[in-house]
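Each reported figure results from applying straightforward, stated rules to the coordinates on display, with no laboratory input. Given the structure is predicted, the values throughout are model-derived calculations rather than measurements. Note: ideal-geometry Cβ built from the backbone for every residue, glycine included; neighbour counts use all protein chains shown.
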Amino acid sequence: MAVILSNTLVSAGIFKMTVAFTGAVKPGQFFMLRAWDKDPLLSRPISVHNYESGQLTFLYQVVGKGTEILARLQADDEVTIQGPYGNGFPEITGDLCVVGGGIGTAPLYYLVRHYQEQNPTGKCRVYLGFRDIAYGADAFAALADEVVLDVGGIITDKLTVLPGETVVTCGPEIMMAAVAGAVPAENTVYVSLEAHMACGIGACLGCTCETRSGNKKVCTDGPVFVREEVFNV
Amino acid sequence: MSKYLATKFNDIRFKNPVIPASGTFGFGREYEAFYDLAKLGGLCSKGLTLEPKSGNTGMRLWETPAGLMNSIGLENPGIDAFIENEWPHLKEIDTVTIVNVGGKDEESYLTAIEKLNAIDAQLIELNISCPNVKAGGMAYGIKAETAGEITRKVVEISRHPIMVKLSPNGEAVADIARACEAAGAQGISLINTLQGMAIDYKKKKVIFDNLYAGLSGPAVKPIALRMTHQVCQAVKIPVMAMGGISDWKDALEFIMAGATCLQIGTINFNNPMAPIEIIAGLEAYCINEGLANISEVRGIV
Ligand SMILES: Cc1cc2nc3c(=O)[nH]c(=O)nc-3n(C[C@H](O)[C@H](O)[C@H](O)COP(=O)(O)OP(=O)(O)OC[C@H]3O[C@@H](n4cnc5c(N)ncnc54)[C@H](O)[C@@H]3O)c2cc1C
Ligand SMILES: Cc1cc2nc3c(=O)[nH]c(=O)nc-3n(C[C@H](O)[C@H](O)[C@H](O)COP(=O)(O)O)c2cc1C
Ligand code: FES
């Protein structure tokens, strides 16, 4: 159980929830959230949007029953959070280029913040694509060396990756596949996958994805994979 | 060990009757982060097959009101890898170990069972009821005649006691249970998942690559309870019941219907502590009701 510190609307259908939490949390990891008993039955996987001084933040889009319940919660309410789970993003040392689409931008904020702390002289560029309304771009702009924003278009049309940059992408699968296909082979590309999950801890085999080295579990082997593992490039 | 919950399943001694269900608990390791597995009455492996299986493609999980549909398709590392990598860990846990075995044809069942003769498990759960694999699996389990035949052959070559896991998707379960008992089964477990279907009306497509999938969770409990009752009336061998058990009250209902042990499946995903809470709840019930042992209420309805 975690106590909710705030839970506010940041854009149409997009909420930001901050809860009190202590423990080690890596960018790219997720928690299983539940604020109900047995209906709905399963917890919902939500990425870490930020973690700073005992405050854990989630950025989530209301799409169905579970996220609707989450959106109704208020400060001082409690939410069950299990985690952090998943491998998270690797530590990145050279320059970083992140490409986020829609709610897929959620885990990238903590990644960029963490990267800047670890690499004060490193360069970080951010591409953000949204279908109709942008959100969170200002927060990225406060951290990154450059932010390219696209609303209603195709983010890969604007994307140019520089030599030596490590690319991290999270968003709709077709966007990640396009990024994986567009970035030169010399650059390393990491993608963060989604799958329906029941346990979140590797016990049910419900979140399996096919990779070059056989089946992997998105919840424990992922959600972050190197592009060659999961996309045909 | 709780004297209130100590349970004998034939001559196998369970410290309590609560065992996580096959396929919902991996090989146990994942839940060690939540509690000491030795607190459980037993452990049951993921469904194993002779050869490794990569399972079904496409969507594997679909939540329904109070239920879960799965189309895992028996993804597992195969018997050899299980014996080499998982068994050494599993056997050290101070609890009863059950190995769940599935197959695609008679030969694959029998070879798998022979290989398991090399280890000292306490019980084998013969899965003839997985609705998620096209070849075999449930094909054996939906008819009393074929269920009896495969059971007889397996019992003949196994040095372990055999508990047959029944499908809710076939002929009358009581008839199938009787056939398995007559063939030498030393226990019955039920129910496996109920075959169901899901369609994405927006995409005009079925959800699962394998078309149909298995439904489990609280939604199936009344059906599981009825089938448990029918089987308990029909056979003398002990019954390990499951299907939608989500708390100690549900567990108690299955015991009252005649079950000796219980398996806890889908609810582990909702609440990883469920088996431990069920054990505590059953013990408190015995104390409050002045029972010396939970078996005093077994089969009372
Ligand atoms: C590792 C990971 C991280 C995620 N991080 C975020 C995040 O930071 N912010 C955010 O808004 N969303 C995130 N998602 C997606 C989020 O889990 C789903 O939007 C959410 O589960 C939908 O629940 P619902 O009850 O509102 O929708 P419903 O459609 O009613 O859900 C029904 C079932 O389908 C599952 N489901 C539906 N859509 C998805 C999906 N896209 N991915 C996985 N399961 C789904 C639900 O978990 C539930 O079991 C993440 C998913 C994964 C796998
Ligand atoms: C994700 C999942 C995987 C399963 N895998 C197996 C399996 O490998 N072998 C088996 O005999 N039953 C398997 N089952 C069925 C369960 O063991 C159990 O019979 C069924 O889910 C009903 O119980 P429940 O409602 O408590 O989950 C699986 C069920 C689920 C939900
Ligand atoms: S969600 Fe259960 S194995 Fe990944």
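Tabulated results
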| quantity | calculated |
| --- | --- |
| For B:232, B:44, A:219, order by how many other beta-carbon atoms lie within 10 Å, fewest first | B:232, A:219, B:44 |
| Neighbour-count order for A:131, A:227, fewest beta carbons within 10 angstrom listed first | A:131, A:227 |
| Peptide-level mean, for A:192-203, of C-beta atoms on other protein chains within 10 Å | 5 |
| Gain in span if fully extended, residue B:273 to residue B:206, counting 0.36 nm per residue against the direct Cα distance | 20.7 nm |
| Acute angle (nearest 10 degrees) that the helix A:173-182 long axis makes with the longest principal axis of chain A, alpha-carbon atoms | 20 |
| Cα-derived Rg over Rh, computed across the protein assembly as shown with Rh taken as Kirkwood radius | 1.02 |
| Per-residue average of Cβ from other chains inside 10 Å of A:204-216 | 5 |
| Tensor-based shape of region B:1-134 (alpha-carbon gyration tensor, a/c under 1.5 rounded, otherwise prolate or oblate) | oblate |
| Footprinting exposure proxy for B:189, A:43, B:158 (fewest neighbouring C-beta atoms within 10 Å first) | B:158, A:43, B:189 |
| Helix-only [θ]222 nm of the protein assembly as shown, DSSP H runs n ≥ 4, -39500 (n - 2.57) each, per residue, nearest 500 | -7000 deg cm²/dmol |
| Among A:96, A:128, A:73, residue whose mean-square fluctuation peaks in a GNM of chain A (springs only between Cα atoms under 10 Å) | A:73 |
| Kyte-Doolittle mean at least 0.5 and Cα axial length at least 24 Å: DSSP H helices in chain B | none |
| Number of partner chain Cβ atoms within 10 Å, mean per residue of B:54-61 | 4 |
| Using alpha-carbon coordinates, inclination of helix A:106-118 to the longest axis of chain A, degrees | 60 |
| Relative frequency of Cα-Cα separations exceeding 22 Å in region B:61-196, percent | 37 |
| Cα gyration tensor, chain B - rounded (a/c under 1.5), prolate or oblate | rounded |
| Under 18 Å from the Cα of residue B:115 - lysines, other chains or at least 8 residues apart | B:46, B:53, B:91, B:104, B:153 |
| Calculated FRET value between residue A:158 and residue B:35, using beta carbons and R₀ = 60 Å, to 0.05 | 0.75 |
